Amino acid sequence: MLDSFKPEYIGYADYLKEKTKEFQHGELETPLGFWGGMDIFFHGSSDKLAFFYLTERSSWKWMKNFVCLGKINRFLFDVLLNLWNVAKGNTLFRTNNIPLEKFHLFDTDVKKPLHKGIPVKYISFHELDGIAHKYGTKSIEVVEEVKRLDNILSKIKWDMIMSDHGMLDIKEFVKVPETEKCFIDSTLARYWGEKPENMPIEKCKLIKWDTKYGDWIYLANPGVCFFPNYWQMKECKGMHGYNPKLKEMKAFYILNKIGKKKDLTMGELHREIA
Ligand SMILES: [Zn+2]
């Protein structure tokens, strides 16, 4: 799995490009949000929209006692919570820019790795995602990273190569209101309880989803990034998590199987290989 690999990047990848001439491949439509794509890939369906949600029964309640430590050094705060994750066999994660005094109000929707218990050899490459966030999708850094990945792929045996989403270049940063019970992702602003006031409604739209993820959920318009948010410390150039119907948001897949170009949704890909 190549995190954030867009179909257009094939143009920089000689090996993969050659493979598209004989093997089934295409664009991949992923669901809205940040975790549903790989959840559907492995399990066939998903209601996951985001990583964090508000709950009174958070697994992180005990971290409330370490807010002071986090204020001195957030890295130590993250080390502490990941020691707990290691002990439980959970995926590791960082608290990034989440206000420390709020952290214990949220729980994480994905605990065990999504592929756990599924009989596949799964390797994921995440460097491209970080590079495209930092430098933008049209940068020379992205081209170089795609070439590096292409070289690695040419040396390993694979049955399928795919990505989890596309990415688009940010045009505008927009500040959204912060309330006591809210979580600000980069393209989703989620509020529990009262409807937030002063929402920049011309820059986003209200969407409907399971209220577990927020009573009021706003999706940023393409190219708009909510900032400040709970993920990025500073402004970046590329982002994903927009309307999945946008061409820029499409992921990519290729099967080690003779065939033509065939665009699929993540659900269709799951059924195709199940
Ligand atoms: Zn990303």
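Readers should treat all values here as calculations from the given coordinates under stated rules, not as data from a laboratory. Please read all numbers here as calculations on a predicted model, not as lab measurements. Every residue, glycine among them, receives a Cβ derived from its backbone with ideal geometry; neighbour counts consider all protein chains shown.
Brief remarks follow.
- The charge dipole of the chain, taken about its Cα centre with unit charges on the Cβ of Lys, Arg, Asp and Glu (plus for the first two, minus for the last two), comes to roughly 440 debye.
- The phi torsions of segment 141-151, fed into the Karplus equation with coefficients 6.51, -1.76 and 1.60 and a -60° offset, translate into couplings of 4, 5, 4, 5, 5, 4, 5, 5, 4, 4, 5 Hz, rounded to whole numbers, with Gly and Pro shown as x.
- Full-stretch length increase - residue 237, residue 55 - with 0.36 nm per residue and alpha-carbon distance subtracted: 62.3 nm
- Whether segment 56-108 is rounded, prolate or oblate, judged on the alpha carbon gyration tensor where a/c under 1.5 counts as rounded: oblate
- For segment 202-233 versus segment 5-53, the gap between their alpha-carbon centres in whole angstrom: 22 Å
- Ranking 196, 186, 60 by how far each Cα lies toward the positive end of the dipole of the chain (charges on Cβ) leaves 60 at the top.
- Antiparallel %, DSSP beta bridges [both residues in the chain], to 5: 75 percent
- Coil-residue chymotrypsin sites (Phe, Trp or Tyr not before Pro) of segment 46-107, DSSP, other Cβ within 10 Å capped at 16: 93
- Environment charge of residue 193, counting only residues whose C-beta is closer than 12 Å and scoring Lys/Arg +1, Asp/Glu -1: 0
- Couplings 3J(HN,Hα) of segment 229-239, computed from phi: 9, 8, 10, 8, 6, 9, 4, 10, 9, x, 8 Hz, in residue order, whole Hz [Karplus 6.51 cos²θ - 1.76 cosθ + 1.60, θ = phi - 60°; x for Gly and Pro].
- Charge dipole (Cα centre; +1 on Lys/Arg Cβ, -1 on Asp/Glu Cβ; no other charges) of segment 172-235 amounts to roughly 140 debye.
- Close amide H pairs (under 5 Å, H built 1.01 Å from N) link residue 175 with 227, residues at least 5 positions away or on another chain.
- Centre-to-centre, using Cα atoms only, segment 240-254 and segment 97-134 are separated by 19 Å.
- For residue 103, the shell of other residues with beta-carbons less than 12 Å away shows a net charge of +3, using +1 for Lys and Arg and -1 for Asp and Glu.
- Cα-derived Rg to Rh of the chain, Kirkwood definition: 0.97
- Cross-link pairs 147/247; 203/262; 134/175 - those with Cα-Cα distance over 25 Å: 203/262
- In this structure, the amide hydrogen of residue 4, modeled 1.01 Å from its nitrogen in the peptide plane, lies closer than 5 angstrom to those of 164, 165, counting only residues at least 5 positions away or on a different chain.
- Estimated [θ] at 222 nm from DSSP helical runs (n ≥ 4, -39500 (n - 2.57)) normalised by residues in the chain, nearest 500: -7000 deg cm²/dmol
- Radius of gyration (Cα atoms) of segment 1-146, expressed as a multiple of 2.2 N^0.38 Å: 1.27.
- Gyration tensor verdict on segment 113-189 (Cα atoms; rounded if a/c is under 1.5, prolate if a/b is larger than b/c, oblate otherwise): oblate
- A simple charge model with +1 on the Cβ of Lys and Arg, -1 on the Cβ of Asp and Glu and nothing else charged puts the dipole of segment 56-108 at about 40 debye relative to its Cα centre.
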